[in-house]
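Readers should treat all values here as calculations from the given coordinates under stated rules, not as data from a laboratory. Bear in mind that the values here come from a model prediction, so they are computed numbers and not experimental data. Cβ coordinates were reconstructed from backbone atoms using ideal geometry, including for glycine residues, and neighbour counts include every protein chain displayed.
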Amino acid sequence: MENFDVIVVGGGPAGLSAALSAAKAGMKTVVIERGDYPGTKNVMGGVLYTKATEAVVPDFWQSAPLERPVIEQRYGFLSGDETILAGYRDPVWAQAPYNAHTVLRVKFDRWLAQQAEKAGVMIITETVVEDLLYKGDNVVGVRTGRAEGDLGAKVVILAEGVNAFIAKKAGLAPQMRPDTVAVAVKEIIQLPQEKLEDRFCLEPGQGATIELFGDSTQGMMGTAFIYTNKDSLSIGVGALLEPLIRTKWTPNDLLEALKAKPYVKRLIQGGETKEYLAHLIPEGGYNAMPKLHRQGVLVVGDTAMLVNGLNREGSNLAMTSGKMAGEVAAQCIQSGDLSDQGMSLYEQRMRDSFVVKDLYKFRRLGRFFETHPHFLKVYPEIAANAMHLYFTADETSKKERQKQIMKMVFEKRAKGGLVSDVFGAWRAILK
Amino acid sequence: MKLDDKLYLVRFNTDTLNHIKIADAAVCLKCQDKPCTRICPAHVYDWDDEEKRISVGYEGCLECGTCRVGCPYGNILWGYPRGGFGVSWKNG
């Protein structure tokens, strides 16, 4: 049996970041990936954050296969055929040090794996890890699906993605429930660069993101997104599994309904669909986080439920957690303390970072939208109706118009409900 | 765009071994809602009315894992295909 200092299960951003930082600290490190090469099994909406990536690979933008730097973030509410939009644009984000880029994961993850290899990481592909290897209570490696496929390690880092088979087997992660995961589907729609840039009002090479709420998910908890790649759009929709089951929508019908919305239809018109993808998103937040460590094991990325759905952040939480885990693994190996207590340094560092702080801050959010479904259905409708009334120029006086609007608002949502909604939203998001 | 046309765009390295199993076909008979036939993004699961069982088209599985979480009876034993098999994204 070949022995390593660190075995990383899974070659996504979390696992590769972990491997890179462990190798940089002098650890003999291997990544075990089930795809043909890192990237071929990996899916996300498509936003990669500069700060977290730069911490793993300095000046990555000079050589990484990136699509476009994001200079504009647009947010919208859909209600029927109506659209309410807001956005922020700053061209300074088109230059280093940037804020975020759109990426296609097959290309990006492969590149990140190459950086890991340059740092001395060994990458074993087409191999599924089946279980941890124990000696007594101590984890001493992994069992793979290959014949004589046992590999020894002092520390195993679980970066196996949202399905978290090994973390569950090891009793670290709880079973996922329909109210802690979202199903997301997306399409890659090819469009000529010039057309794409014109439609999104972008200078050559610049990128934009759009997140759409409300009827983009038929009022279910979730979001839809449109991101600009070099010569394609990533368009997708993710909805929590529980309402998806209840409302009997299929993921593809949700996506087709989104594509048929007047605002969306015009953005993707004439494009050619190149790929259809699906993925689960861990949406359980702070309350559904698994145990992050045990003797000889650390848990990172999606496996650790590290997704901040409200701010559509995930890849950055994954990479930051991976980097910390790689560093802590090296530190524990060097000090010889691989006990649960010794490995808890990782959890401590995570709690001190924005990763767990943000998840903690929004810990009430999931439950809030469950108990206040009006936010994703009734409020977009109210807002759209109000704007429709307000912007319609006819012979109604503005004073009368405001009265009409207030009347409409209270017809759709009682005053008591409004107060409780505002308080609930404040508590779930701002407090 | 129809789902079948979209699935046609996906690259697979299909295994001869089925990586999905229905634990107990009798459970599906009792299941009224059969959410697996809707929630799977690739429509891998279909109710076969003649044979009175769920048919599983594992070859088209996109490996998201939705079925495993969504089956109200935990009756779908879904795991990853063997290393190197299954979906192989072109863009991701």
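The table for this structure:
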{"quantity": "Crossing angle, helix A:315-335 versus chain A [Cα axis fit, 0-90 degrees, rounded to tens]", "calculated": "20"}
{"quantity": "Shape metrics for the stretch A:234-298, restricted to C-alpha atoms - Rg then Dmax, Å", "calculated": "17.3, 55"}
{"quantity": "Equivalent ellipsoid dimensions for the stretch A:366-430 as semi-axes, Å, which come from the Cα gyration tensor, largest first", "calculated": "27, 11, 9"}
{"quantity": "Between the stretch A:230-286 and the stretch B:50-92, the alpha-carbon center distance in angstrom", "calculated": "19"}
{"quantity": "Count, lysine Cα pairs under 21 Å in chain B, 8 or more residues apart or across chains", "calculated": "7"}
{"quantity": "Eligible lysines near A:Lys399 by straight Cα distance, threshold 16 Å, same-chain separation 8 or greater", "calculated": "A:Lys407"}
{"quantity": "Rh (Kirkwood; distinct C-alpha pairs) - the stretch A:129-207, Å", "calculated": "16.8"}
{"quantity": "Mean shadow area of the stretch A:255-346, taken as a quarter of the surface of its Cα convex hull (nm²)", "calculated": "8.3"}
{"quantity": "Taking N as its residue count, the alpha carbon Rg of the stretch B:13-87 over 2.2 N^0.38 Å", "calculated": "1.05"}
{"quantity": "DSSP-loop GluC sites (Glu not before Pro) across the stretch A:359-401, with at most 14 other Cβ within 10 angstrom", "calculated": "A:Glu395"}
{"quantity": "Cα-based Rg / Dmax (Å) for the stretch A:170-259", "calculated": "15.9, 51"}
{"quantity": "Over the protein assembly as shown - Rg/Rh using Cα atoms and the Kirkwood inverse-distance radius", "calculated": "0.98"}
{"quantity": "Residue-averaged [θ]222 nm for chain A, counting only DSSP H segments that reach four residues, each worth -39500 (n - 2.57)", "calculated": "-11000 deg cm²/dmol"}
{"quantity": "Hits among lysines - C-alpha to C-alpha of A:Lys24 under 25 Å, sequence gap 8 or more where chains match", "calculated": "A:Lys51, A:Lys107, A:Lys118, A:Lys154, A:Lys323"}
{"quantity": "Where only C-alpha atoms are counted, convex hull volume of the stretch A:324-407 per residue in Å³", "calculated": "139"}
{"quantity": "Ratio of Rg to Rh over the stretch A:225-270 (Cα coordinates, Kirkwood Rh, two decimals)", "calculated": "1.04"}
{"quantity": "Inter-centroid distance (Cα atoms) of the stretch A:356-374 relative to the stretch A:82-118, Å", "calculated": "26"}
{"quantity": "Likely footprinting exposure, B:Cys31, B:Cys64, fewest C-beta neighbours within 10 Å first", "calculated": "B:Cys31, B:Cys64"}
{"quantity": "Folded to 0 to 90 degrees: helix A:378-391 orientation relative to chain A principal axis, Cα", "calculated": "40"}
